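Visitor: The structure follows.
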Amino acid sequence: SNMKIATTAAALSRLGPDFKFSTRICAKGRIEDGVLKGDLGVVGSGDPNFSGRFYADDPYGAFRGWARQMKKLSISVVEGDLVLDDGAFDREGVHPAWPGSQLQEWYCAPVSALSFNDGCVEIHVSPGRSGEAARVRFIPASAPIRLLNAAVTTSDRAAHRVIVTRSPDGQTISVGGKVWDRAETLKEFVAVKDPAMFFGSGLRAAFEAEGIAVRGKVRLVAAGERVGGEGWTALLEHASGLVQAIEVANRRSQNLYAEQIFKALGKDAKGEGTFAKGSEAVRDYLASIGIRDPLVVVDDGSGLSRNNRVAPAHLTRILAEMWRSPQRDIFRNSLATPGGEGTLSKRFPDARLEGRLFAKTGTIAGVSALSGYAKGEDDRWRAFSVLVQFEGKGFSLADARRIEDRIAIEVAKGP
(Lines give C-alpha, C1' and ligand atoms only; values in the text may rest on other atoms or scores of the structure.)
Protein backbone atom coordinates (compact mmCIF):
# COMPACT_ATOMS: atom_id res chain seq x y z
CA SER A 1 0.00 0.00 0.00
CA ASN A 2 2.98 2.35 0.06
CA MET A 3 2.43 2.53 -3.72
CA LYS A 4 -0.42 4.87 -2.80
CA ILE A 5 2.27 7.44 -1.94
CA ALA A 6 3.41 7.44 -5.59
CA THR A 7 -0.16 7.43 -6.94
CA THR A 8 -1.45 10.29 -4.81
CA ALA A 9 1.71 12.38 -5.19
CA ALA A 10 1.49 12.02 -8.97
CA ALA A 11 -2.21 12.94 -8.91
CA LEU A 12 -1.67 16.05 -6.81
CA SER A 13 1.19 17.12 -9.05
CA ARG A 14 -0.55 16.43 -12.37
CA LEU A 15 -4.23 17.11 -11.60
CA GLY A 16 -3.75 19.65 -8.82
CA PRO A 17 -5.56 20.03 -5.50
CA ASP A 18 -8.51 21.80 -7.14
CA PHE A 19 -9.30 18.89 -9.46
CA LYS A 20 -12.92 17.74 -9.30
CA PHE A 21 -14.52 14.48 -10.34
CA SER A 22 -17.62 15.37 -12.32
CA THR A 23 -20.69 13.16 -12.69
CA ARG A 24 -23.47 14.45 -14.95
CA ILE A 25 -27.17 13.72 -15.28
CA CYS A 26 -28.59 14.19 -18.78
CA ALA A 27 -32.01 13.76 -20.37
CA LYS A 28 -33.06 12.58 -23.80
CA GLY A 29 -36.60 13.55 -24.62
CA ARG A 30 -39.05 16.28 -23.67
CA ILE A 31 -40.50 16.98 -20.24
CA GLU A 32 -44.29 17.27 -20.06
CA ASP A 33 -46.41 17.52 -16.91
CA GLY A 34 -43.64 16.13 -14.71
CA VAL A 35 -42.84 13.25 -17.06
CA LEU A 36 -39.56 12.84 -18.92
CA LYS A 37 -40.69 11.17 -22.13
CA GLY A 38 -37.40 9.50 -22.81
CA ASP A 39 -34.23 8.28 -21.13
CA LEU A 40 -32.27 9.64 -18.20
CA GLY A 41 -28.50 9.23 -18.48
CA VAL A 42 -25.55 9.34 -16.06
CA VAL A 43 -22.00 10.09 -17.21
CA GLY A 44 -19.25 9.10 -14.79
CA SER A 45 -15.65 10.23 -14.50
CA GLY A 46 -14.40 7.83 -11.82
CA ASP A 47 -15.57 9.65 -8.69
CA PRO A 48 -14.96 7.31 -5.72
CA ASN A 49 -16.76 9.59 -3.26
CA PHE A 50 -20.33 8.32 -3.77
CA SER A 51 -20.08 6.71 -0.37
CA GLY A 52 -22.03 6.73 2.86
CA ARG A 53 -18.81 7.75 4.64
CA PHE A 54 -19.53 11.31 3.45
CA TYR A 55 -23.31 11.27 4.06
CA ALA A 56 -23.81 10.16 7.68
CA ASP A 57 -23.52 6.48 6.66
CA ASP A 58 -26.33 6.84 4.10
CA PRO A 59 -25.02 5.23 0.90
CA TYR A 60 -27.80 6.97 -1.06
CA GLY A 61 -26.97 10.43 0.32
CA ALA A 62 -25.67 11.97 -2.92
CA PHE A 63 -28.44 10.32 -4.93
CA ARG A 64 -31.12 11.77 -2.65
CA GLY A 65 -29.66 15.21 -3.37
CA TRP A 66 -30.03 14.54 -7.07
CA ALA A 67 -33.64 13.47 -6.55
CA ARG A 68 -34.45 16.75 -4.80
CA GLN A 69 -32.89 18.67 -7.67
CA MET A 70 -34.87 16.61 -10.19
CA LYS A 71 -38.08 17.60 -8.43
CA LYS A 72 -37.08 21.24 -8.74
CA LEU A 73 -36.86 20.60 -12.47
CA SER A 74 -40.44 19.27 -12.31
CA ILE A 75 -39.49 15.67 -13.12
CA SER A 76 -41.30 12.99 -11.14
CA VAL A 77 -41.46 10.21 -13.75
CA VAL A 78 -38.90 8.89 -16.22
CA GLU A 79 -40.67 6.92 -18.92
CA GLY A 80 -37.51 5.55 -20.49
CA ASP A 81 -34.38 3.84 -19.27
CA LEU A 82 -31.71 4.87 -16.80
CA VAL A 83 -28.63 4.77 -19.05
CA LEU A 84 -25.18 4.42 -17.47
CA ASP A 85 -22.20 5.83 -19.37
CA ASP A 86 -19.03 4.40 -17.83
CA GLY A 87 -16.90 5.13 -20.88
CA ALA A 88 -14.36 7.37 -19.12
CA PHE A 89 -12.62 4.17 -17.93
CA ASP A 90 -12.27 0.81 -19.61
CA ARG A 91 -14.19 -2.12 -18.13
CA GLU A 92 -11.18 -4.00 -16.80
CA GLY A 93 -12.32 -3.43 -13.25
CA VAL A 94 -10.04 -6.06 -11.73
CA HIS A 95 -6.30 -5.95 -12.36
CA PRO A 96 -5.00 -9.30 -13.70
CA ALA A 97 -2.32 -9.44 -10.98
CA TRP A 98 -4.76 -9.16 -8.08
CA PRO A 99 -5.19 -12.38 -6.06
CA GLY A 100 -7.90 -14.40 -7.80
CA SER A 101 -8.96 -16.17 -4.62
CA GLN A 102 -9.67 -12.87 -2.85
CA LEU A 103 -11.74 -10.94 -5.39
CA GLN A 104 -14.81 -10.85 -3.12
CA GLU A 105 -12.84 -8.95 -0.46
CA TRP A 106 -13.39 -5.21 -0.01
CA TYR A 107 -9.81 -4.43 -0.95
CA CYS A 108 -10.37 -6.00 -4.40
CA ALA A 109 -13.43 -3.90 -5.28
CA PRO A 110 -13.44 -3.34 -9.07
CA VAL A 111 -12.65 0.02 -10.64
CA SER A 112 -15.27 1.85 -12.73
CA ALA A 113 -16.09 5.29 -14.04
CA LEU A 114 -19.33 4.86 -12.05
CA SER A 115 -18.53 3.71 -8.52
CA PHE A 116 -20.91 3.50 -5.56
CA ASN A 117 -20.59 2.65 -1.86
CA ASP A 118 -16.89 1.78 -2.10
CA GLY A 119 -17.81 -0.95 -4.59
CA CYS A 120 -19.13 -3.18 -1.79
CA VAL A 121 -22.26 -4.49 -0.16
CA GLU A 122 -22.25 -4.72 3.63
CA ILE A 123 -23.52 -8.03 4.96
CA HIS A 124 -25.01 -8.00 8.49
CA VAL A 125 -25.36 -11.35 10.26
CA SER A 126 -27.16 -11.50 13.64
CA PRO A 127 -28.30 -14.45 15.80
CA GLY A 128 -31.91 -15.59 15.79
CA ARG A 129 -33.39 -18.08 18.21
CA SER A 130 -31.16 -21.02 19.05
CA GLY A 131 -31.65 -23.79 16.50
CA GLU A 132 -33.26 -21.43 13.97
CA ALA A 133 -31.88 -19.47 11.04
CA ALA A 134 -29.65 -16.50 11.69
CA ARG A 135 -30.84 -13.06 10.61
CA VAL A 136 -29.07 -11.78 7.50
CA ARG A 137 -29.48 -8.55 5.55
CA PHE A 138 -27.36 -6.45 3.26
CA ILE A 139 -26.76 -2.73 2.74
CA PRO A 140 -27.59 -1.14 0.37
CA ALA A 141 -30.72 -3.23 -0.12
CA SER A 142 -30.88 -2.14 -3.78
CA ALA A 143 -27.80 -4.21 -4.70
CA PRO A 144 -28.62 -6.48 -7.67
CA ILE A 145 -27.67 -9.66 -5.84
CA ARG A 146 -29.42 -12.74 -4.49
CA LEU A 147 -28.87 -13.64 -0.84
CA LEU A 148 -28.82 -17.27 0.30
CA ASN A 149 -28.94 -17.74 4.06
CA ALA A 150 -27.98 -21.14 5.43
CA ALA A 151 -26.52 -19.87 8.72
CA VAL A 152 -27.99 -21.42 11.87
CA THR A 153 -28.11 -19.94 15.38
CA THR A 154 -26.43 -22.01 18.09
CA SER A 155 -26.08 -21.81 21.87
CA ASP A 156 -22.59 -23.33 21.58
CA ARG A 157 -20.12 -20.45 21.62
CA ALA A 158 -17.27 -22.71 20.48
CA ALA A 159 -19.20 -23.57 17.30
CA HIS A 160 -19.51 -19.92 16.26
CA ARG A 161 -18.17 -19.54 12.72
CA VAL A 162 -19.75 -17.53 9.90
CA ILE A 163 -18.81 -18.10 6.27
CA VAL A 164 -19.67 -15.51 3.62
CA THR A 165 -19.00 -16.34 -0.03
CA ARG A 166 -19.73 -14.71 -3.37
CA SER A 167 -20.56 -16.77 -6.44
CA PRO A 168 -18.13 -16.51 -9.38
CA ASP A 169 -20.64 -14.51 -11.41
CA GLY A 170 -21.12 -12.07 -8.52
CA GLN A 171 -24.90 -12.47 -8.54
CA THR A 172 -25.27 -14.50 -5.33
CA ILE A 173 -23.89 -14.06 -1.82
CA SER A 174 -24.22 -17.08 0.47
CA VAL A 175 -24.02 -17.00 4.26
CA GLY A 176 -23.38 -20.26 6.09
CA GLY A 177 -22.00 -21.63 9.34
CA LYS A 178 -23.18 -21.20 12.91
CA VAL A 179 -23.93 -17.99 14.81
CA TRP A 180 -23.68 -17.94 18.59
CA ASP A 181 -26.97 -16.77 20.04
CA ARG A 182 -25.24 -14.08 22.12
CA ALA A 183 -22.95 -12.81 19.39
CA GLU A 184 -22.98 -9.21 18.27
CA THR A 185 -23.91 -8.45 14.69
CA LEU A 186 -21.15 -9.44 12.28
CA LYS A 187 -20.49 -6.94 9.50
CA GLU A 188 -18.61 -8.03 6.42
CA PHE A 189 -17.96 -6.13 3.20
CA VAL A 190 -18.20 -8.03 -0.08
CA ALA A 191 -17.03 -6.54 -3.36
CA VAL A 192 -19.58 -6.36 -6.16
CA LYS A 193 -18.83 -7.78 -9.60
CA ASP A 194 -20.45 -5.08 -11.78
CA PRO A 195 -19.84 -1.65 -10.20
CA ALA A 196 -21.64 0.43 -12.83
CA MET A 197 -24.86 -1.58 -12.55
CA PHE A 198 -24.50 -1.43 -8.76
CA PHE A 199 -24.37 2.36 -9.12
CA GLY A 200 -27.44 2.36 -11.38
CA SER A 201 -29.53 0.12 -9.13
CA GLY A 202 -28.69 2.34 -6.16
CA LEU A 203 -29.60 5.49 -8.05
CA ARG A 204 -32.92 4.06 -9.17
CA ALA A 205 -33.78 2.93 -5.63
CA ALA A 206 -32.93 6.35 -4.19
CA PHE A 207 -35.02 8.12 -6.84
CA GLU A 208 -38.01 5.88 -6.20
CA ALA A 209 -37.67 6.36 -2.43
CA GLU A 210 -37.80 10.12 -3.03
CA GLY A 211 -40.87 9.87 -5.27
CA ILE A 212 -39.31 9.75 -8.73
CA ALA A 213 -40.35 6.70 -10.74
CA VAL A 214 -38.11 5.15 -13.40
CA ARG A 215 -40.32 3.01 -15.63
CA GLY A 216 -37.66 1.68 -17.96
CA LYS A 217 -34.69 -0.54 -17.17
CA VAL A 218 -31.27 0.22 -15.80
CA ARG A 219 -28.69 -0.45 -18.50
CA LEU A 220 -25.16 0.33 -19.64
CA VAL A 221 -24.60 2.37 -22.78
CA ALA A 222 -24.77 0.30 -25.94
CA ALA A 223 -21.86 0.10 -28.39
CA GLY A 224 -21.43 3.50 -30.01
CA GLU A 225 -23.89 5.17 -27.61
CA ARG A 226 -22.73 8.15 -25.57
CA VAL A 227 -24.77 9.96 -22.94
CA GLY A 228 -24.43 13.70 -23.34
CA GLY A 229 -23.96 13.61 -27.10
CA GLU A 230 -26.41 14.66 -29.78
CA GLY A 231 -30.02 14.65 -28.57
CA TRP A 232 -29.10 14.81 -24.87
CA THR A 233 -29.64 17.78 -22.58
CA ALA A 234 -27.52 18.36 -19.47
CA LEU A 235 -29.62 18.62 -16.30
CA LEU A 236 -27.40 18.24 -13.22
CA GLU A 237 -23.77 17.91 -12.25
CA HIS A 238 -22.22 16.50 -9.09
CA ALA A 239 -18.61 17.37 -8.30
CA SER A 240 -16.35 16.08 -5.54
CA GLY A 241 -12.73 16.77 -4.78
CA LEU A 242 -9.52 14.91 -5.47
CA VAL A 243 -8.19 15.90 -2.04
CA GLN A 244 -11.14 14.21 -0.35
CA ALA A 245 -10.43 11.00 -2.28
CA ILE A 246 -6.69 11.14 -1.52
CA GLU A 247 -7.40 11.40 2.20
CA VAL A 248 -9.39 8.16 2.11
CA ALA A 249 -6.81 6.42 -0.07
CA ASN A 250 -3.89 7.31 2.18
CA ARG A 251 -5.29 7.66 5.69
CA ARG A 252 -7.59 4.63 5.53
CA SER A 253 -5.59 2.78 2.84
CA GLN A 254 -8.71 2.24 0.76
CA ASN A 255 -7.58 0.46 -2.39
CA LEU A 256 -10.57 1.39 -4.55
CA TYR A 257 -9.95 5.10 -4.01
CA ALA A 258 -6.33 4.75 -5.06
CA GLU A 259 -7.28 2.81 -8.20
CA GLN A 260 -10.00 5.31 -9.15
CA ILE A 261 -7.42 8.10 -8.82
CA PHE A 262 -4.91 5.98 -10.79
CA LYS A 263 -7.23 5.56 -13.77
CA ALA A 264 -8.43 9.17 -13.60
CA LEU A 265 -4.78 10.20 -13.80
CA GLY A 266 -4.30 7.96 -16.83
CA LYS A 267 -7.37 9.47 -18.47
CA ASP A 268 -6.20 13.03 -17.89
CA ALA A 269 -2.52 12.55 -18.73
CA LYS A 270 -2.69 9.85 -21.41
CA GLY A 271 -6.24 9.98 -22.75
CA GLU A 272 -7.32 6.56 -21.49
CA GLY A 273 -8.68 5.49 -18.12
CA THR A 274 -6.81 2.19 -17.88
CA PHE A 275 -4.35 0.53 -15.55
CA ALA A 276 -1.66 0.78 -18.23
CA LYS A 277 -2.12 4.52 -18.78
CA GLY A 278 -2.30 5.16 -15.04
CA SER A 279 1.05 3.40 -14.75
CA GLU A 280 2.53 5.53 -17.52
CA ALA A 281 1.31 8.72 -15.83
CA VAL A 282 2.82 7.78 -12.46
CA ARG A 283 6.11 6.77 -14.08
CA ASP A 284 6.19 10.14 -15.88
CA TYR A 285 5.84 11.84 -12.52
CA LEU A 286 8.62 9.73 -11.02
CA ALA A 287 10.90 10.63 -13.92
CA SER A 288 10.09 14.31 -13.44
CA ILE A 289 11.52 14.16 -9.90
CA GLY A 290 14.57 12.20 -10.93
CA ILE A 291 13.44 8.60 -10.33
CA ARG A 292 14.38 6.80 -13.55
CA ASP A 293 15.51 3.50 -12.03
CA PRO A 294 14.70 0.73 -14.56
CA LEU A 295 13.98 -1.64 -11.67
CA VAL A 296 10.99 0.45 -10.52
CA VAL A 297 7.66 -1.15 -11.53
CA VAL A 298 4.32 0.66 -11.19
CA ASP A 299 1.73 -2.04 -11.87
CA ASP A 300 -1.36 -0.61 -10.15
CA GLY A 301 -2.34 2.35 -8.01
CA SER A 302 -3.01 0.73 -4.65
CA GLY A 303 -0.10 -1.69 -4.24
CA LEU A 304 -2.30 -4.79 -4.31
CA SER A 305 -0.38 -6.24 -7.26
CA ARG A 306 2.72 -8.17 -6.21
CA ASN A 307 4.43 -7.01 -9.41
CA ASN A 308 5.06 -3.52 -8.01
CA ARG A 309 8.73 -2.77 -7.32
CA VAL A 310 9.90 0.28 -5.41
CA ALA A 311 12.70 0.87 -2.87
CA PRO A 312 12.70 2.90 0.36
CA ALA A 313 15.00 5.44 -1.32
CA HIS A 314 12.38 6.02 -4.02
CA LEU A 315 9.59 6.53 -1.52
CA THR A 316 11.73 8.88 0.56
CA ARG A 317 12.49 10.87 -2.60
CA ILE A 318 8.77 11.23 -3.34
CA LEU A 319 8.05 12.28 0.24
CA ALA A 320 10.85 14.86 0.14
CA GLU A 321 9.64 16.27 -3.19
CA MET A 322 6.08 16.56 -1.87
CA TRP A 323 7.41 18.34 1.23
CA ARG A 324 9.00 20.95 -1.04
CA SER A 325 5.88 21.30 -3.18
CA PRO A 326 2.96 23.75 -2.73
CA GLN A 327 0.82 20.71 -1.79
CA ARG A 328 2.96 19.84 1.24
CA ASP A 329 0.30 20.30 3.90
CA ILE A 330 -2.43 18.62 1.84
CA PHE A 331 -0.23 15.61 1.21
CA ARG A 332 1.13 15.28 4.75
CA ASN A 333 -2.32 15.66 6.29
CA SER A 334 -3.71 12.92 4.04
CA LEU A 335 -1.53 10.39 5.87
CA ALA A 336 -2.52 8.58 9.04
CA THR A 337 -1.33 9.89 12.40
CA PRO A 338 -1.32 8.33 15.90
CA GLY A 339 -4.41 9.23 17.87
CA GLY A 340 -6.37 10.06 14.71
CA GLU A 341 -8.56 8.06 12.37
CA GLY A 342 -7.00 5.65 9.93
CA THR A 343 -4.42 2.90 9.91
CA LEU A 344 -2.30 4.30 12.77
CA SER A 345 -5.18 4.75 15.22
CA LYS A 346 -4.06 1.75 17.30
CA ARG A 347 -0.31 2.06 16.80
CA PHE A 348 2.12 4.35 18.64
CA PRO A 349 0.22 4.77 21.93
CA ASP A 350 2.66 7.50 23.03
CA ALA A 351 0.54 10.68 22.94
CA ARG A 352 3.72 12.71 22.35
CA LEU A 353 3.77 11.46 18.74
CA GLU A 354 0.35 12.90 17.92
CA GLY A 355 0.82 15.63 15.34
CA ARG A 356 4.50 14.72 14.97
CA LEU A 357 4.19 11.53 12.92
CA PHE A 358 2.30 11.19 9.62
CA ALA A 359 2.74 7.93 7.74
CA LYS A 360 1.37 5.45 5.23
CA THR A 361 1.17 1.84 6.30
CA GLY A 362 1.43 -1.08 3.90
CA THR A 363 0.79 -4.80 4.17
CA ILE A 364 0.78 -7.69 1.73
CA ALA A 365 1.61 -11.35 2.32
CA GLY A 366 5.16 -11.46 3.67
CA VAL A 367 5.77 -7.72 3.39
CA SER A 368 5.10 -4.76 5.68
CA ALA A 369 5.88 -1.08 5.23
CA LEU A 370 5.73 2.29 6.94
CA SER A 371 6.73 5.52 5.18
CA GLY A 372 6.07 9.14 5.98
CA TYR A 373 7.19 12.15 7.98
CA ALA A 374 8.34 12.55 11.58
CA LYS A 375 9.07 15.74 13.47
CA GLY A 376 12.15 15.40 15.63
CA GLU A 377 12.75 16.86 19.06
CA ASP A 378 14.81 19.53 17.28
CA ASP A 379 11.56 20.61 15.51
CA ARG A 380 12.85 19.48 12.12
CA TRP A 381 10.68 17.30 9.88
CA ARG A 382 12.26 14.23 8.27
CA ALA A 383 11.03 11.83 5.61
CA PHE A 384 11.56 8.11 6.17
CA SER A 385 10.63 4.79 4.60
CA VAL A 386 10.87 1.27 6.04
CA LEU A 387 10.03 -1.78 3.90
CA VAL A 388 10.31 -5.18 5.59
CA GLN A 389 10.16 -8.47 3.71
CA PHE A 390 9.68 -11.13 6.35
CA GLU A 391 8.28 -14.13 4.49
CA GLY A 392 10.44 -17.15 5.23
CA LYS A 393 12.69 -15.12 7.54
CA GLY A 394 11.31 -16.43 10.82
CA PHE A 395 9.50 -13.12 11.39
CA SER A 396 5.82 -12.39 11.83
CA LEU A 397 3.84 -9.34 10.75
CA ALA A 398 3.89 -8.16 14.37
CA ASP A 399 7.69 -8.47 14.40
CA ALA A 400 7.95 -6.41 11.23
CA ARG A 401 5.71 -3.70 12.62
CA ARG A 402 7.76 -3.52 15.81
CA ILE A 403 10.84 -2.82 13.70
CA GLU A 404 9.02 -0.12 11.72
CA ASP A 405 7.67 1.50 14.85
CA ARG A 406 11.07 1.58 16.58
CA ILE A 407 12.67 3.20 13.52
CA ALA A 408 9.87 5.78 13.24
CA ILE A 409 10.24 6.64 16.94
CA GLU A 410 13.99 7.08 16.51
CA VAL A 411 13.42 9.38 13.53
CA ALA A 412 10.95 11.38 15.64
CA LYS A 413 13.62 11.79 18.32
CA GLY A 414 16.03 13.32 15.83
CA PRO A 415 19.83 13.26 15.91
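Visitor: Of 20/263; 28/217; 4/267; 270/360; 72/267, which ones are farther than 22 Å apart at the Cα?
Guide: The answer is 270/360; 72/267.
Visitor: Using the Karplus equation 6.51 cos²θ - 1.76 cosθ + 1.60 (θ = phi - 60°), what ³J(HN,Hα) coupling, rounded to whole Hz, does each residue of region 334-339 give in order, writing x for Gly and Pro?
Guide: Per-residue couplings from phi come out as 7, 7, 6, 9, x, x Hz.
Visitor: Could you tell me, in Å, what Rg and Dmax come out for the Cα atoms of region 1-55?
Guide: 17.6, 54
Visitor: Could you compute how fast region 268-349 diffuses translationally, taking Rh as the Kirkwood radius over C-alpha pairs and applying Stokes-Einstein at 10 °C with viscosity 1.306 mPa s? Give it in µm² per second.
Guide: The calculation lands on 109 µm²/s.
Visitor: Still on this structure, I have one more. Could you report region 102-155's accessible area per residue, 1.4 Å probe, as an integer in Å²?
Guide: Per-residue accessible area for region 102-155 comes out at 41 Å².
Visitor: Could you work out how far helix 397-413 tilts from the main Cα principal axis of the chain, as a 0 to 90 degree angle to the nearest 10?
Guide: Rounded to the nearest ten degrees, it is 70.
Visitor: P(r) for region 1-141, please, calculated from all Cα pair distances in 10 Å bins and given in %.
Guide: Per 10 Å bin, starting at 0, the Cα pair percentages come out as 9, 27, 32, 20, 10, 1.
Visitor: Another question about this same structure. Considering only the other residues whose Cβ falls under 14 Å of the Cβ of residue 37, what net charge follows from Lys and Arg at +1 and Asp and Glu at -1?
Guide: -2
Visitor: Shifting gears a bit: Using θ = phi - 60° and the Karplus relation 6.51 cos²θ - 1.76 cosθ + 1.60, list the HN-Hα couplings for region 112-125 in order, rounded to whole Hz, with x at every Gly or Pro.
Guide: Along region 112-125, the couplings run 7, 5, 10, 10, 9, 6, 6, x, 9, 9, 9, 8, 10, 10 Hz.
Visitor: Per residue of region 308-313, what does 6.51 cos²θ - 1.76 cosθ + 1.60 with θ = phi - 60° give for ³J(HN,Hα)? Whole Hz please, x for Gly and Pro, Karplus curve as stated.
Guide: Running phi through 6.51 cos²θ - 1.76 cosθ + 1.60 with θ = phi - 60° gives 4, 9, 8, 9, x, 5 Hz.
Visitor: Would you mind working out the accessible area per residue for region 186-307, using a 1.4 Å probe, and quoting it in Å²?
Guide: Here the residues of region 186-307 average 41 Å² of exposed surface.
Visitor: Which net charge results for the neighbourhood of residue 74, defined as the other residues with beta-carbon distances under 11 angstrom from its beta-carbon, given Lys and Arg at +1 and Asp and Glu at -1?
Guide: Residues near residue 74 contribute 0 overall.
Visitor: A further question on this structure: Report the dimensions of region 71-195 along its three principal axes from the alpha-carbon atoms, largest first, rounded to Å.
Guide: For region 71-195, the Cα extents along the three principal axes come out at 54, 44, 20 Å.
Visitor: With +1 on each Lys and Arg Cβ and -1 on each Asp and Glu Cβ, how big is the dipole of region 114-174 about its Cα centre, in debye rounded to the nearest 20?
Guide: Charge dipole of region 114-174: 160 debye, to the nearest 20.
Visitor: Given region 144-183 reduced to its alpha-carbon atoms as identical point scatterers, what log10 I(q)/I(0) does the Debye formula return at q = 0.17, 0.20, 0.29, 0.32 Å⁻¹?
Guide: One equal scatterer on each Cα of region 144-183 leads to -0.47, -0.58, -0.86, -0.97.
Visitor: Another question about this same structure. Two-decimal Rg/Rh of region 227-313 from alpha-carbon positions, Kirkwood Rh?
Guide: 1.08
Visitor: Restricting the count to DSSP beta bridges whose residues both fall in the chain, what percent are antiparallel, rounded to a multiple of 5?
Guide: Looking only at bridges with both residues in the chain, the antiparallel portion is about 75 percent.
Visitor: Over region 292-405, what portion of Cα pair distances is larger than 21 Å, expressed as a whole percent?
Guide: In whole percent, the share of Cα-Cα pairs in region 292-405 beyond 21 Å is 40.
Visitor: Further question: With a 1.4 Å probe and all protein chains left in place, how much of the accessible area of region 293-387 comes from carbon and sulfur atoms, in whole percent?
Guide: Its accessible area is 50 percent carbon and sulfur atoms.
Visitor: Here is a further query. For the chain, compute the orientation-averaged projected area of the C-alpha convex hull (one quarter of its surface), in nm².
Guide: Mean projected area of the Cα convex hull: 22.9 nm².
Visitor: So, counting K/R as plus one and D/E as minus one, what does the shell of residues with Cβ under 10 Å around residue 249 add up to?
Guide: My count for the surroundings of residue 249 gives +2.
Visitor: Follow-up question, since we're still on this one. How many angstrom lie between the Cα centre of region 9-52 and the Cα centre of region 156-184?
Guide: 37 Å
Visitor: Let me ask you something else. Summarise the accessible area of region 88-209 (1.4 Å probe, protein heavy atoms) by the percent that is carbon and sulfur.
Guide: Using a 1.4 Å probe with all protein chains present, region 88-209 comes out at 49 percent carbon and sulfur.
Visitor: While we're looking at this one, here's another question. Not counting ligands, DNA or RNA, and with a 1.4 Å probe, what is residue 323's accessible surface area in Å² rounded to the nearest 10?
Guide: The value for residue 323 is about 60 Å².
Visitor: Determine the calculated [θ] at 222 nm for the chain from helices alone, applying -39500 (n - 2.57) to every DSSP H run no shorter than 4 residues and normalising by the residue count; nearest 500 deg cm²/dmol.
Guide: -8500 deg cm²/dmol
Visitor: Hey, what's the per residue convex hull volume over the C-alpha atoms of region 159-312, in cubic angstrom?
Guide: Dividing the Cα hull volume of region 159-312 by its residues yields 236 Å³.
Visitor: Rounded to the nearest 20 debye, what is the charge dipole size of the chain about its Cα centre when +1 sits on each Lys and Arg Cβ and -1 on each Asp and Glu Cβ?
Guide: Dipole magnitude for the chain comes out near 580 debye.
The values are calculated or read from the model by the stated rules, or taken from the named source; none is laboratory data. These numbers come from a predicted model, not from an experiment. Counting neighbours? That spans all protein chains shown, and the Cβs are built from the backbone with ideal geometry, glycine included. Surface areas here come from the heavy atoms of the whole protein model, side chains and all, with no ligands, DNA or RNA. Shrake-Rupley method; radii C 1.70, N 1.55, O 1.52, S 1.80 Å.
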